[in-house]
Amino acid sequence: SPAEWEDDHVPGSVSTPVLDNEERARVGTIYKQESPFLAKKLGASLVAKNLGKILDTHFQDKEKDTRVLVYCWRGGERSMSLAHVLSRVGFKVGLVPGGYKRYRAGVLDFLRTMDGFRYHLVAGKTGCAKGKMLDQLKAQGAQVLDLEVMAQHRGSVLGEDPAWNNKQPSQKFFDTRIWEQARGFDRTRPIFVEGESSMIGRLQIPKNTWAGMKAGSVTLLEVPMPSRVAWIRGGYKHFETTDVPRLVEKLQKLVPKCGKKKVAEWETWIAAERWDEFVEDILLNHYDSAYAEAAKRSGRDDENAEFLMLPNTDDETYAKAAAELIAKYDVSKPPVVVEETEATKTEVAV
């Protein structure tokens, strides 16, 4: 159904529901409270009506040699009804045995192996353009997981983005995005990832991915404060234009930590459009301390981190730094396999 597909789906799939949300609920209620026979009779009528719409919307422009893979929640009646019609038309049709539930089990099985990768964390205070460094690393061929992009959130109280309609995906689809990216990675090479908290907005980094990240090596980026301010302002332009009221509203969440007086001062600067002063002050009085606390909670090995001081956030500067990180850390090594015994876990190279 549309709600099931919205919650999670195979990447690249198209929603062609033979029953919409309300129809599925009606049929399910009758099945449980009255009779499976009555439910199937109603379901068949609704499916027959919807199949014509699906054919008109999605398949009239498809050629005969089009291959179609169909799945529903469990790989049962709903997917079989569509698969039957499409196969009778002449398309090459396959069914996913066990449907979405079996697919989801496969995603979870893979995510449980994510601590078998090596990770290199790109960390640093807010405004150091860590996401830009990941983009440069990826452009130069490194294996990169950009978790903030996958989570549609920048990982802070102001982290919602209108580019994503200020919404995040479900936890399941966040998992799916990690699986989709990581399943093609080479386990002899490291994954570059931003040094995050275990939560990005309301989404949690999967347990084994987080465990691998905590054991990873770290590069701490540092850039001058004027560059940090400029980078933040460039990335949050909506808070200076269309979303000023939303910015003021979100600042209220910082009253318990920063105090009413400080938040009121920020509101005064916002009203006067003193943006450079506001951004620098909120970095110093909130984000820098919040970053230090999050790093401590994560157990990340910042003491042995490499410090990388960059003069600015220019493309050329970050491209050069990314190349140096790749040369130093993107070295193939035997993958780590986690062996579990009754008493302990040990890591062995194979």
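The values are calculated or read from the model by the stated rules, or taken from the named source; none is laboratory data. What you see is a predicted model, and the numbers here were worked out from it, not measured in a lab. Don't worry about glycine lacking a Cβ; one is built from the backbone with ideal geometry, like all the others, and counts go over all protein chains shown. These accessible areas exclude ligands, DNA and RNA; they are computed on the full protein's heavy atoms, side chains included. Shrake-Rupley method; radii C 1.70, N 1.55, O 1.52, S 1.80 Å.
Calculate the FRET efficiency for T268 and R202 from the Cβ-Cβ distance with a Förster distance of 22 Å, rounded to the nearest 0.05.
Here the calculated transfer efficiency is 0.10.
Report, by chain and number, residues whose modeled amide H sits under 5 Å from the one on I200, excluding near sequence neighbours (fewer than 5 apart, same chain).
Result for I200 returns I205.
Using a 7 Å offset from the Cα along the Cα-to-Cβ direction at both K40 and K237, what is the distance between the two label points in nm, to one decimal?
5.9
What do you get for chymotrypsin sites (Phe, Trp or Tyr not before Pro) in the range 166-248 restricted to DSSP loop and a cutoff of at most 15 other Cβ within 10 Å of the site's Cβ?
Working: sites: F173, F174, W179, F185, F192, W210, W231, Y236, F239; in loops: F185, Y236.
Qualifying residues, ordered by number: F185.
From largest accessible area down, sort D330, D65; use a 1.4 Å probe on the protein chains.
On the way: D330 35, D65 105 Å².
I get D65, D330, largest accessible area first.
Under a Cβ-only charge scheme (Lys and Arg +1, Asp and Glu -1), can you give me the dipole magnitude of the chain about the Cα centre, in debye to the nearest 20?
On the way: 51 positive and 51 negative charges, 304 e Å.
Approximately 1460 debye in magnitude.
With +1 on each Lys and Arg Cβ and -1 on each Asp and Glu Cβ, how big is the dipole of the range 29-105 about its Cα centre, in debye rounded to the nearest 20? Provide the component values of the computation, followed by the final result.
Details: 15 positive and 6 negative charges, 59 e Å.
For this selection, approximately 280 debye.
With only Lys, Arg, Asp and Glu charged, each at its Cβ (+1 for the first two, -1 for the last two), find how big the charge dipole of the range 166-209 is about the Cα centre; round to the nearest 20 debye. Numbers along the way, then the final one.
Values: 8 positive and 5 negative charges, 31 e Å.
Its charge dipole is roughly 140 debye.
How many nm separate the modelled label positions at E63 and W5, each set 7 Å beyond the Cα in the direction of the Cβ?
2.5
For P(r) over Cα pairs in 20 Å bins from 0, in percent, the choices are [x] 30, 59, 11, 0; [y] 29, 54, 14, 2, 0; [z] 24, 44, 29, 3; which was calculated from the structure?
Correct label is [z].
Quick check: at a probe of 1.4 Å, how many percent of the accessible area of the range 1-75 sits on carbon and sulfur atoms?
Result for the range 1-75: 53 percent of the exposed heavy-atom area is carbon or sulfur.
Which lysines, on any chain, are close to K250 with Cα under 28 Å apart, when same-chain ones fewer than 8 places away are left out?
Within the straight-line cut-off, K250 pairs with K125, K130, K132, K167, K172, K237, K260, K261, K262, K296.
Where a ≥ b ≥ c are the square roots of the eigenvalues of the C-alpha gyration tensor, would you call the range 47-100 rounded, which needs a/c under 1.5, or, failing that, prolate if a/b is larger than b/c, or oblate?
Numbers: a/c = 2.15, a/b = 1.33, b/c = 1.62.
In terms of gyration-tensor shape, oblate.
In degrees between 0 and 90, to the nearest 10, how far off the longest principal axis of the chain does helix 77-89 point, with axes built from Cα atoms?
Relative to the chain, helix 77-89 is tipped by roughly 70 degrees.
Working from Cα positions, state the angle (0 to 90°, nearest 10) between the long axis of helix 21-33 and the longest principal axis of the chain.
60
Could you tell me which chymotrypsin sites (Phe, Trp or Tyr not before Pro) in the range 12-100 are loop residues by DSSP with no more than 10 other beta carbons within 10 angstrom of their beta carbon?
Here no chymotrypsin sites (Phe, Trp or Tyr not before Pro) fit, given the DSSP loop and packing criteria.
With every protein chain present, what accessible area does M80 have (1.4 Å probe, heavy atoms only), rounded to the nearest 10 Å²?
Probe radius 1.4 Å; accessible area of M80 about 90 Å².
With everything on Cα atoms, drop me the angle between helix 288-298 and the longest principal axis of the chain, reported from 0 to 90° to the nearest 10.
Around 60 degrees separate the two axes.
Run the simple label-point estimate for T29 and A48 please: 7 Å along Cα→C-beta, distance reported in nm.
2.4
How large is the accessible surface per residue of the chain, computed with a 1.4 Å probe and reported in Å² as a whole number?
Per residue, the chain has 54 Å² of solvent-accessible surface.
R0 = 22 Å: FRET efficiency of F307 with M225, Cβ-based, nearest 0.05?
Efficiency computed from Cβ-Cβ geometry: 0.85.
Evaluate E = 1/(1 + (r/R0)^6) for D288 and T188, where r is the Cβ-Cβ distance and R0 equals 41 Å; express this FRET efficiency to the nearest 0.05. Could the numbers behind the result be given before it?
Numbers: r = 37 Å, r/R0 = 0.90.
Rounded to the nearest 0.05, the efficiency is 0.65.
Just to confirm my numbers, what's the Cα centroid distance between the range 49-108 and the range 171-189 in Å?
Value for the Cα centre distance between the two parts: 25 Å.
Can you find, among T113, G299, L284, the residue farthest towards the positive end of the dipole of the chain? Put +1 on the C-beta of Lys and Arg, -1 on that of Asp and Glu.
After comparing all options, I get T113.
Residue by residue through the range 266-271, which ³J(HN,Hα) values in whole Hz follow from phi under the Karplus form 6.51 cos²θ - 1.76 cosθ + 1.60 (θ = phi - 60°), with glycine and proline marked x?
With coefficients 6.51, -1.76 and 1.60, one gets 4, 4, 5, 5, 4, 4 Hz.
Name the residue from G94, V10, T219 whose Cα lies farthest towards the positive end of the charge dipole of the chain, charges +1 on Cβ of Lys and Arg and -1 on Cβ of Asp and Glu.
G94
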